[in-house]
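The values are calculated or read from the model by the stated rules, or taken from the named source; none is laboratory data. Keep in mind the model is a prediction, meaning the values are calculated, not measured. As a convention, Cβ positions derive from the backbone with ideal geometry for all residues, glycine included, and neighbour counts pool all protein chains shown.
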Amino acid sequence: MFTGIVEATGKVVSFKENKAAWLLKLEVPREIADSLKDGDSLACNGCCLTLISKEGNVLGFELLEETIRLTSFEGIIEGSLINLERPLAANARLGGHFVSGHVDVRSRVLDFEQRGKNYYMRVAVPDEFLKYVVYKGSISIDGISLTIAEALPDSLAVWLIPHTLEVTNLSDCAAGKFVNMEFDILAKYVEKIACGNREKSPYQP
């Protein structure tokens, strides 16, 4: 479980397809590398990945086809910045919102522009997920907990303060880029309890 409060960014060292999976290697800050061991989880652009190798401050992760299909990792290249967050400790403050690290969909950034002193970002939302978009609700975009400023018929918009741009990969964002989105897990549980089996989730077979 995560909170969407990005701790640092890492840099893609390599991303290669192997026989059994894709292998992602990230260069991360020493503090984060030293705190992790094989088998630990790390949210990378909001996607919960399992650490399989560590060489100094270069961490290795395996990604399956399902992960590639649902996330923006397919388009990353060497040098890409990746948002990092370690799992929430039981005694830690919950500064953002509950983020599972299970990405729902990759979506295209429609607008990314400076308006006044802040930045405005609008992201497309597939029809099946619009029901989870609530004005002033929470959304995880590339692992960042953000507040929905506009709930639109086909998209959502957020405002970004300078600090968010400084400490996350949104410093490299632009219209046309794909980002990982995870919608509020609490809303999904409420929906499941209220509807029972009458309505399936978007990716439930």
**Request:** Would you check if E17 is surrounded by fewer than 18 Cβ atoms within 10 Å (Cβ to Cβ), among the acidic types (D, E) and modelled with pLDDT under 95?
**Result:** yes
**Test result for Y132, touching a residue at least 12 places away in the same chain (Cβ under 8 Å), outside the structural domain of C48 (by TED's automatic domain parsing) and not small (G, A, S)** = yes
**Prompt:** Tell me, which residue of the range 95-121 that is within 20 Å of H163 (Cβ to Cβ) and touching a Leu at 6+ places or on another chain (Cβ under 7 Å) is surrounded by the fewest Cβ atoms within 10 Å (Cβ to Cβ)?
**Reply:** N118
**Asked** When you look at I5, is it β-branched (V, I, T), over 26 Å from G137 (Cβ atoms) and surrounded by 12 or more Cβ atoms within 10 Å (Cβ to Cβ), yes or no?
**Response** no
**Item:** Test: T71 is within 27 Å of V125 (Cα to Cα), in contact with a Cys (Cβ under 6 Å, 6 or more places away or on another chain), touching a residue at least 24 places away in the same chain (Cβ under 8 Å) and crowded, with 16+ Cβ neighbours inside 10 Å
**Value:** yes
**Asked** Taking K200, is it at pLDDT below 95, basic (K, R), surrounded by fewer than 17 Cβ atoms within 10 Å (Cβ to Cβ) and in a helix (DSSP H, G or I)?
**Response** no
**Request:** Filter the range 121-164 for residues that are at positive phi and among the small types (G, A, S) and give the result.
**Result:** G143
**Asked** Of the residues E62, E78, which single one is charged (D, E, K, R), touching a residue at least 12 places away in the same chain (Cβ under 8 Å) and assigned to a loop (DSSP other than H, G, I, E, B)?
**Response** E78
**Asked** Can you tell which of A33, A43, A124 is over 27 Å from Y189 (Cβ atoms), surrounded by 12 or more Cβ atoms within 10 Å (Cβ to Cβ) and out of contact with any helix residue (DSSP H, G or I) (no Cβ under 6 Å at 6 or more places or on another chain)?
**Response** A33
**Complete:** Counted residues in the range 138-148 being surrounded by 16 or more Cβ atoms within 10 Å (Cβ to Cβ) and either without any contact (Cβ under 8 Å) to a residue 60 or more places away in the chain or touching a Lys or Arg at 6+ places or on another chain (Cβ under 9 Å) (or both) come to 2
